[in-house]
1. Of everything in segment 57-91, what is more than 16 Å from the ligand (Cβ to nearest atom), at pLDDT 95 or above and either part of a loop (DSSP other than H, G, I, E, B) or under 30 Å from L310 (Cα atoms) (or both)? Give them in sequence order.
2. If a residue must be within 16 Å of the ligand (Cβ to nearest atom), modelled with pLDDT under 90 and small (G, A, S), how many such residues does segment 204-263 contain?
3. Report whether or not G168 is among the small types (G, A, S) and at pLDDT below 95.
4. Just to be sure before I move on: is S343 crowded, with 24+ Cβ neighbours inside 10 Å, more than 20 Å from the chain's Cα centre (by Cα) and polar (S, T, N, Q) in the structure I sent?
5. Conditions first: (1) surrounded by fewer than 21 Cβ atoms within 10 Å (Cβ to Cβ); (2) out of contact with any Lys or Arg (no Cβ under 6 Å at 6 or more places or on another chain); (3) not in a strand (DSSP E or B). S52 passes all but one, so which condition is the exception?
6. If the requirement is being closer than 17 Å to T199 by Cβ and charged (D, E, K, R), which of these qualifies: D34, D39, D12?
Amino acid sequence: MLKLLKELVYADGPPGFENEVREIVLRELEPRVDEISVDTLGNVIAWKNGDSDQKLMLCAHQDEDWAQIITHIDEKGFLRFSRLVGHRWSLLGQQVVIHSKQGKRTGVIGLQAPHLIPLEEQLRGYQPHDDSMFIDCGLRSHTEAIALGLEVGQYVTACKHFEELHDGRLLGNCFDNRVGVAVMIETMRRIEKLAPAKTVVAVASVQEELGTRGAQTAAYQVNPDYAIALDVAPTNDHPGADTRTIPAALGGGPVLLRADQFGVTSVAFTNWLATIAATLNLTYQSLALRAPIHFGTDAGAIELARGGSLVSAVLAPTRYFHTSKSVVDFSDLEGMVDLLVGSINASGELPLEPD
Ligand SMILES: [Zn+2]
């Protein structure tokens, strides 16, 4: 799974342009399922038939958590941009890739040197505005930019990096949500030879970061009875975090989501997942994040598709997501896979009554 995660990190997949990630998902899932398709928006929907018509949907979004879009090219060939997704304080100095008509082009997000910012402004707590920044691709003119295939509306992603920091702690771009995709693929690998009690439908959704858009059409098509979103969760185990609102930490095991900005997960189904974890001797963590914390997953969209389904979310504790680099603990990802495989193995115990 580590090798797969690394490959997924290096694939670029801004929301709405997930093609590189989708190719990997298709390559990995196609030999392991009974039926696979890509819908109009680009969701991959892979069916592994079970003994029952009831469906358990796993859903991990393909798109990444840091991406910009070109809004203007000026006379000197500098590119102005808007944020599609990502933390605004992670922009400056970031090495980026522009997805031009002629392929990928490297640039860097620039701003005037701090020496040139008047001292009074700095003392007043100067913060650069997004629109004072620009992308420098080393060009000299607008004409040169156009000749190299650059255009308004093109996507910008971060230059990718992946390495093991220490003892299973991984550093890389867009762990939100390549970890979810890697965990889902690894789970489907592990159940490859099994005949599950429920039909398992693995969905790699698109455009989660723009408002869970792919999950809406995928869930309509799949019409699941149960669904688990696979995504990331914030942690409290670094300076400045509030241990009361965010009780999750790296290495503490998979996080079971109880509530987020958009609603609550199914009490019965999430309790059932916790029971499976306990049976397997897996440690897990619980998370309930309501406003003012702005956090949601595909589970909120899936729950409301058609006549509704029992949803939950199993999340990887992750530091610093929605900046260009995050940190995870590989043992948490292994715990997620163990929990999902154990749940699929025990899925004959379902159905549960709605909450
Ligand atoms: Zn996510």
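1. Residues satisfying the conditions are M57, D74, E75, K76, G77, F78.
2. Number satisfying all stated conditions: 1.
3. On the way: among the small types (G, A, S): yes; at pLDDT below 95: no.
The answer is no for G168.
4. Working: crowded, with 24+ Cβ neighbours inside 10 Å: yes; more than 20 Å from the chain's Cα centre (by Cα): yes; polar (S, T, N, Q): yes.
So S343 passes the test.
5. If we test S52 against (1) surrounded by fewer than 21 Cβ atoms within 10 Å (Cβ to Cβ); (2) out of contact with any Lys or Arg (no Cβ under 6 Å at 6 or more places or on another chain); (3) not in a strand (DSSP E or B), just (2) comes out false.
6. Working: D39 fails: closer than 17 Å to T199 by Cβ; D12 fails: closer than 17 Å to T199 by Cβ.
Result: D34 is the single residue among D34, D39, D12 that is closer than 17 Å to T199 by Cβ and charged (D, E, K, R).
Residues checked against (1) more than 20 Å from A299 (Cα to Cα); (2) of a type in the set (S, T, N, Q); (3) not assigned by TED's automatic domain parsing to the domain that holds L56:
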| site | (1), (2), (3) |
| --- | --- |
| L230 | no, no, no |
| D237 | yes, no, no |
| G251 | yes, no, no |
| L256 | no, no, no |
| D260 | no, no, no |
| S266 | no, yes, no |
| T270 | no, yes, no |
| A278 | yes, no, no |
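Table: residues versus (1) away from the ligand (no atom under 16 Å from the Cβ); (2) surrounded by 14 or more Cβ atoms within 10 Å (Cβ to Cβ).
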{"position": "D136", "(1), (2)": "yes, yes"}
{"position": "Q154", "(1), (2)": "yes, yes"}
{"position": "T157", "(1), (2)": "no, yes"}
{"position": "H161", "(1), (2)": "yes, no"}
{"position": "L170", "(1), (2)": "yes, yes"}
{"position": "D176", "(1), (2)": "no, yes"}
{"position": "V179", "(1), (2)": "no, yes"}
{"position": "A182", "(1), (2)": "no, yes"}
{"position": "I191", "(1), (2)": "yes, yes"}
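The values are calculated or read from the model by the stated rules, or taken from the named source; none is laboratory data. This one's a predicted model, so the numbers in the text were calculated from it and none came from an experiment. Virtual Cβ from ideal backbone geometry, glycine too; neighbours counted across all protein chains shown.
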